[in-house]
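Nothing in this text is a laboratory measurement; each read-out follows from the coordinates by a stated rule. None of these values were measured; they are calculated from a predicted model. Glycine also receives a Cβ, built like all others from the backbone with ideal geometry; neighbour counts cover every protein chain displayed.
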Amino acid sequence: MSEQLIIAIDGPAASGKGTLARRLAAHYRLRHLDTGLSYRAVAAEMIARGLPFDDEAGALECARTIDLGDLDRETLSRHEIGEAASRVAIMPEVRRAVVELQQAFAEKPPGAVLDGRDIGTVVCPDAAVKLYVSAAPEERARRRTEEILSRGEAADFQAVLEDLKRRDERDLNRTESPLRVADDAHILDTTDIGIDAAFQAAREIIDTIVDRS
Ligand code: C5P
């Protein structure tokens, strides 16, 4: 196995990619970066400064203040921050600034697991392993609704489903780094399987690739 292992995981919101990424990082003893949190941090900083979400210059300034080593998952996980993040994430200059930070994170030995929307295509196009995690929108909405309720926040399945579809639409159709399956990605559909089965399947894919190299 080479010294540096980068595992790139992409997929839509609530597909299970975050949980999978954390488990793989623990298993292979790699650092983990949830890249969605970087866009969420930019959005949160805009909210804190009272900036409108179409202020590109303001968003870029906010992007320059973020520190990937100091992202508060708890606060940034809030539902309305996710919605705002997907609006900020369409801005090319914001993406460039954030991607540079993510690439610097990925390059440090012994490597890392990064999850997001453009990891295998833009952030780490040379990653040894690329996974694309997907699941049906209704199943993703069911999981996201449960997750929100478990935090003690209010959630309505239909509203969450509509919201996910809106975010998918934005992520898939933006000009800059849209969500798409990298040519050399392995697809994992988690609609009908739990996290344990997804983890097993991912490990088999990764071990085969690592053994070959
Ligand atoms: O994954 P998460 O829901 O935390 O991401 C928040 C938003 O950030 C997404 O809806 C997406 O628009 C954006 N994002 C992105 N590229 C990434 C990760 C997230 O555009 N690599």
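A few comments on the model shown:
- Whole-Hz Karplus values for the stretch 131-141 come out as 10, 10, 9, 10, 6, 4, x, 5, 5, 5, 5 Hz, taken residue by residue from phi with 6.51 cos²θ - 1.76 cosθ + 1.60 and θ = phi - 60°; glycine and proline positions read x.
- Fully extended contour minus Cα-Cα distance, from Glu80 to Arg96, at 0.36 nm per residue: 3.4 nm
- Solvent-free Debye scattering, log10 I(q)/I(0), computed from the Cα coordinates of the chain at q = 0.10, 0.11, 0.18, 0.19 Å⁻¹: -0.41, -0.50, -1.38, -1.51
- Mean ellipticity per residue at 222 nm, deg cm²/dmol - from DSSP H runs of n ≥ 4 across the chain, formula -39500 (n - 2.57): -16500 deg cm²/dmol
- Those residues of the stretch 3-30 whose amide nitrogen sits under 20 Å from the label point placed on Leu149, 7 Å along Cα→Cβ: 14-16
- With neighbour counts taken as other beta-carbon atoms within 10 Å, the residues Asp126, Asp207, Asp115 rank, fewest first, as Asp126, Asp207, Asp115.
- Compared with the direct C-alpha span, the chain from Thr191 to Glu138 gains 18.2 nm at full extension, assuming 0.36 nm per residue.
- Exposed loop sites here mean trypsin sites (Lys or Arg not before Pro) with a DSSP loop assignment and at most 13 other beta-carbon atoms within 10 Å; the chain contains its longest site-free run at 65-150.
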